[in-house]
Each structure stands twice: as C-alpha cells, then as structure tokens.
Amino acid sequence: MPIDPPDLDDRRFQDIVDETKRLIPRFTPEWTNHNLSDPGVALIELFAWMSEMVLYRVNQVPERLYVHFLNLVGVEPFPPSVARTDVTFWLSAPAIRPIVVPAGTQVATTAGSGESSVVFTTSVEALAQPPELVAAHTRAAESEQMLDVWESLHVPGAEVVCFSDRLVEGDALYLGTRGSLARQAVRLEISAHAEGIGVDPSRPPLSWEVWSGQAWIPAVVERDSTGGLNTDGEVVLVIGQEHASLVLGGVSAYWIRVRLLRATPERPGYEASPRVGSVALSTVGVSIPTEHATTVPSEVLGRSTGVPGQSFTVSTAPVAARRGEEGVLVTDQTGTHRWTEVADFAASGPRDRHVVWDSNTGEVRFGPSVRQPDGTNRQHGAVPPDGASVRVTDYRTGGGARGNVGARTLTSLRSAVPFVASVSNPLAAVGGVDAETVEEAKIRGPLTLRTGQRAVTAGDFEQVARQASIEVARARCLPSQSTGSGAVRVLVVPKVRTRIETHGIDDYALSTRLFEEVAAAIDERRTVGVAVEIGTPYYQGVSVATLIRVLPGRPAAAVRQRVSEALTRFVHPLVGGSDGTGWPFGQALTMAAATRVVESVEGVLAVDELQLFSYDLRNGRRLGEGRESVSLNDNALFLAADHRVVVR
C-alpha cells in the first residue's frame, strides 16, 4: 500500500485555541475570564483561525513536491482529445458536375439558451461527383452464378425479380457503378411493384451494403420511401470511406447490393420477391470526416537567441495532436527547415533538429545542454542559430468531452458552400475526452513508473494497451502458456458511447485505427522475441427469461422495461459486474446473481421463476435449454440479448 506523507503540522483550529488558553495562567495569571464572550478569547480564536490556514498551506508542500517529481520523471497530464464524426453535406440539387467542399468548413450545433454552440471543422477537402450506373446482377444465396439483369432495367415494361422464389437469406440484387462512391450520399430512384407484400415498410428485412475491398460493409440508409422495394420511391444511402472495385459476373465495377435478411417476428419477411422496373442513381450529398477543433493560422513565435533550452508559447492552447504538415518551422540563413517533434530529448543528439511541443500549454521547447560528470556539456537536440525565426504552421485547438454531441445535432452550416443546402451528422461524435487533471495524473504516475518502457508482465501489457488510446475501455492479457499459439494475446474492449440497450456484437469490433494504435504502442514496449496477438474478447450472448410479480399499483410495462435494462447493465462488458466497471473476464453468471438483480428493481414484488440461456448473437436465437448458470472462458465476456420478462 502507498505510504501516506505526514502532515508537517497536524494541529487544527481547536487544538491551537486550547493550547493558547493553557498558556494564559503562566503568562497572564490575572486574566481569569476565559468565556467565549471575552474579547481576548475572540482574539485567540482569530489567531487560531489564521494559523490553521497557514498550516494548511504548509501541509501542501509534500503534494507540491510530489507533482514536481512527476514532472521531473516525465509524467505530465494528458491533453484533451478531439471528438470526431462524419457530417453529410446535403446538396440543394443532384450533382451534375463535381462540387467541392473545402477543408476547414465549419459546422455547429444549434446553441440553446445560455449555451454556446459546439463547432466542428472538416478535416479534408471532399468532392461530390455525379455517379454512373453501369451494371446490375442478381444472385440467389444457394447459387454461385450471377444473373445479368442490366438490359432488363432498360426495357420498357420489363421487371427484375430481386430475389429467388424461395426467398433465402443472402439473396441479393447488385448494382455496379463506374467509379467509387466512397463518402458519397447517393439517391436510388426506384420503380417497383407491390409484389413483396408482407413486410413492415418501416423495418424491411433488407441490408444495403458496399464492397470495401475485403468485405461487404453496411451503408447508412438515410431514407427509404419504397417501403422495402414495394412501391415507387427513393432510397438515400450514405456510403462509408471505403468502396473498392470487384469483378462480379465478369464485370469489374464498384458494387452496391441489397441483401435479403432472415425474417423474424419483429421483422417479418416477404411473401413474394419484390420486382424492380428501373433504377436511377444520383449524388445528393457528400460525407466528410470532421472534428471538434478550430484552425489557428500560422504564428511567428519569435527569434532564437542561440542558447540551449529556449522555449516559446503559441497564442492558443490546448493544441490538438499534430497531423500532416502541422509542426514547427525554423528559418535561418540556409533556408526554412521543419523540425521533428519528439516526446522528449532523451535520444536526441546535438545535430538532431528535434523539438517538443506541449499540447496542454502550447509551449514549444528546444533541446537543453546537460553537464556531464567529466565537466563537459552534452547538447540534447540542435539549437536554432542566433537570429533564426521560429514559427508554427497552422494548427488546431479544441477537444474535450463537450464535443461528444449526439446524432443529427450538427445542423448549422457556419461556412457558406455553393450548392450545399444543409448538413447533418448521422452518427454521434465520439472520442472527445477532457484533459487529465492533476489528481488523475498522480494516480497514473506510479503505474507508469512501475511499467517503465517495457511490457513484461500481463499487467504491463494491459497498462500499455489502455494508455495507447482513449478509445480503449478495457484490456486483458492472456499469457503465452494459455493461448496455445506461444504468443501473448491482448484482448481489447473498445469504448462504445451509444445507449447500452442498443449495443450489439458489431459495436465491439476494433476499428483499423484503434488496432494500429494499440499495436504500435505494444510493439514499441514488448521485449525482443515476444510475439503478441491483438484481438477482441469472445462475446458470449446470454438471455434471461423470468416470471415476476409486481407491487400493487405499479405499471407492468414500466417494471418489465426496468428489469430488462437492469439485467442488460448487470452483464455488460463496460458497466456490468458488482462494481459497475464491466463484467469480469471468465466469471460465470448464476441464476442466484440474476435473481438478486431482478429483485432489486423498484416495483418487483417477487421472482417466481428465472432461467438463463446461451444466445447466438449472430443469428439472433437462443441455444439449448434453460440452465442455472452460464460459464465463460478466460477470453470471454457476456453480451445481453433478448431478455424475456413476463409479469404475472
């Protein structure tokens, strides 16, 4: 356990008052009235009050020294991180020629009373281009053969049967374009006939997908007025950042497909395949990555004096993590040079053009000169020549949890863009985290020192993985002896910031960016010869069926919903378990534990019956019979699904 630093003086107000009163008979024996009403006692209490404040400040010295020590060993508070999300710029009319949305375009939330709007800025320049539809195929799930239906879509009166007569899950209609539709918002104007009756128009069993180069990934369905390909209307899709070409049926194109899903009671299927007469494709918007940051123009920080250890400060802080061409420039007689930003000068030589840019304070520091035991000085990092101009390029400032705005809240266009009518963000912004406080840094500091610069133990690997990115919620290291492959396996649970009740197995997949960040951090600190595998836990679906009685006067529907939410939260990977920090790896769920959770829900009188079921998260169905417990392996976590709560 940590050693508590002693108070330099532990006396408090009453201690000082009592001590002073005890001295009265010795120094002023004639003073006999020690009541609170006596003016002298009032002066004593005033003295004690002021002395206590001084002692309080004195006792802060150990804390101050502690913080200075952390600074000396390089443990500094983390800067705030920037929230990011994709924003769709909707055009006033379908694009007939390329339309440019420049980088740095600002969008914002609508400011409420007493609040300022949250501003996001586009990260890259984007282009909305008119698409060209060049191919169409259909394929039955039970067959590998493609059927070319391109001509049928252009013959008046002809119809294309989208799916097979058996309506098997996986039947699909493919539409190919000449160019990539990555980050485009496209509108499919479809002429269809009411052959596919039987579906819920608001929830048709369809999935719109595009080929990413490695797999079929879903596109965001912004609007579908066809009722599931049953009537004439339009389908508006927002394509992700990846859309690659693929050869299907002998035709190389960039493909969009609509795939038939398995029917469920909540999502009924077709009685007959829908039929499509014609399809027209147009671009109605462009999706652009944005971040909760604003750009600050290039600044001249000053001129070098030619001495080691110089520092300059930019006008606006905190500074977002640098990217691309952002950095520090030094102009001298030989020209303008970009200096490389490093975390510290420990490995910098006297000729290395290295610089440290503190994201929290905005301070730009050049290398110091360190005196060696033999009396010589060693320069860590080059020193800008005397008179050289030091400046920074355009940089970004912002960040914090305030940027984690909800979906469809970025609706205000602050920068006028020709042919753009409106903006919106289909998904919530994620990744915004406030700067680390001093108290939080004091807790992290000892852990960082224990880990050092190498990952050796399982705890070291977990610590490195958690610190690799703010998007890492939990990490679990399985030693090489337990993996069977001879490699250390690190399991990463990403943060998911949507409503807990909506979480599915796909929400816990690692993004390419997060995987690369964790892999880079671990690769830098692992010892030579140690193989490391990075992946995700196995998510075991679990479903609870329970029969309960409610207290008189309590609405059954509300109690049923509270019970389902409590069970989902209890076994959740991020907030589950008895301490609310996530369900423990490898810990089984028992009927007794689930019963206690249900009984604790407000409005529940008694639990008459409860059973646990394993659940297939991919196919959406229960497995086997009810049981008293569901076990987990060391590499597994629970994910709740389809609880059945019956009120008697």
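Points to keep in mind about this one:
- Cβ-Cβ distances below 6 Å connect the following pairs, each with a first residue in the stretch 255-272 that is more than 13 Å from Pro218 (Cα to Cα), a second residue that is of a type in the set (A, V, I, L, M, F, W, C) and surrounded by fewer than 14 Cβ atoms within 10 Å (Cβ to Cβ), and a separation of six or more residues or different chains: Glu271/Ile197.
- Unique match (being crowded, with 16+ Cβ neighbours inside 10 Å and among the charged types (D, E, K, R)) among Arg414, Arg408, Arg396, Arg351: Arg396
- Consider the stretch 466-502 and keep the residues that are in a helix (DSSP H, G or I) and closer than 21 Å to Arg84 by Cα. The one that is modelled with the highest pLDDT is Arg466.
- Any hit, the stretch 407-423, residues being closer than 27 Å to Val73 by Cα and either in a helix (DSSP H, G or I) or at pLDDT below 95 (or both): no
- Within the stretch 303-337, the set of residues being in contact (Cβ under 8 Å) with a residue 40 or more places away in the chain, in a strand (DSSP E or B) and over 38 Å from the mean Cα position of the chain (by Cα) comprises Arg303, Thr331, Asp332.
- Check on Glu234, of a type in the set (D, E, K, R) and under 25 Å from Asn425 (Cβ atoms): yes
- The residues of the stretch 362-417 that are basic (Lys, Arg) and closer than 26 Å to Arg322 by Cα, listed by number, are Arg365, Arg391, Arg396, Arg402, Arg414.
- Enumeration of residues in the stretch 94-141 that are assigned to a strand (DSSP E or B), of a type in the set (S, T, N, Q) and under 33 Å from the mean Cα position of the chain (by Cα): Gln106, Thr109, Thr121, Thr122
- Those strands (runs of 3 or more DSSP E) lying entirely in the stretch 355-399 with at least 2 residues free of Cβ contacts under 8 Å to residues at least 12 places away in the same chain: 369-371
- Here Arg259 passes the criteria (1) of a type in the set (Lys, Arg); (2) over 19 Å from Asp148 (Cα atoms); (3) part of a strand (DSSP E or B) except the one numbered (2).
- Of the residues examined, Thr226 is not one that is touching a Cys at 6+ places or on another chain (Cβ under 9 Å) and crowded, with 21+ Cβ neighbours inside 10 Å.
- Any hit, the stretch 522-534, residues being of a type outside the set (A, V, I, L, M, F, W, C), in a loop (DSSP other than H, G, I, E, B) and at pLDDT 90 or above: no
- Among the candidates Ile443, Ile500, residue that is β-branched (Val, Ile, Thr) and without any contact (Cβ under 8 Å) to a residue 24 or more places away in the chain: Ile443
- Residue within the stretch 182-198 that is in a loop (DSSP other than H, G, I, E, B), hydroxyl-bearing (Ser, Thr, Tyr) and surrounded by fewer than 19 Cβ atoms within 10 Å (Cβ to Cβ) present: no
- Test result for Val646, more than 30 Å from Thr536 (Cβ to Cβ) and either among the acidic types (Asp, Glu) or not in a helix (DSSP H, G or I) (or both): yes
- Taking first residues from the stretch 107-120 that are closer than 12 Å to Ser412 by Cβ and partners that are at pLDDT below 85 and of a type in the set (Gly, Ala, Ser), the Cβ contacts under 6 Å between residues at least 6 apart in sequence or on separate chains come to Ser117/Ala111.
- In the stretch 621-643, the qualifying residues are those that are touching a Ser or Thr at 6+ places or on another chain (Cβ under 7 Å) and in a strand (DSSP E or B), and the one that is surrounded by the most Cβ atoms within 10 Å (Cβ to Cβ) is Ala640.
- Filter result for Ala244 (within 29 Å of the chain's Cα centre (by Cα), not assigned by TED's automatic domain parsing to the domain that holds Ser212 and not basic (Lys, Arg)): no
- The stretch 446-465 - residue that is in contact (Cβ under 8 Å) with a residue 24 or more places away in the chain and not in a helix (DSSP H, G or I) and, of those, surrounded by the fewest Cβ atoms within 10 Å (Cβ to Cβ): Gln453
- Residue within the stretch 325-333 that is over 26 Å from Gly74 (Cα atoms), among the charged types (D, E, K, R) and surrounded by 13 or more Cβ atoms within 10 Å (Cβ to Cβ) present: yes
Listed here are the residues, each with its yes/no results for (1) surrounded by 17 or more Cβ atoms within 10 Å (Cβ to Cβ); (2) closer than 16 Å to Phe638 by Cβ.
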{"residue": "Ala521", "(1), (2)": "yes, no"}
{"residue": "Val550", "(1), (2)": "yes, no"}
{"residue": "Gly553", "(1), (2)": "no, no"}
{"residue": "Pro573", "(1), (2)": "yes, yes"}
{"residue": "Leu589", "(1), (2)": "yes, yes"}
{"residue": "Val601", "(1), (2)": "yes, no"}
{"residue": "Leu605", "(1), (2)": "no, no"}
{"residue": "Arg618", "(1), (2)": "no, yes"}
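The values are calculated or read from the model by the stated rules, or taken from the named source; none is laboratory data. Being a predicted model, the structure only gives us computed values, none of them experimental. In this analysis, Cβ positions are derived from the backbone assuming ideal geometry, glycine residues included, and neighbour counts consider all displayed protein chains.
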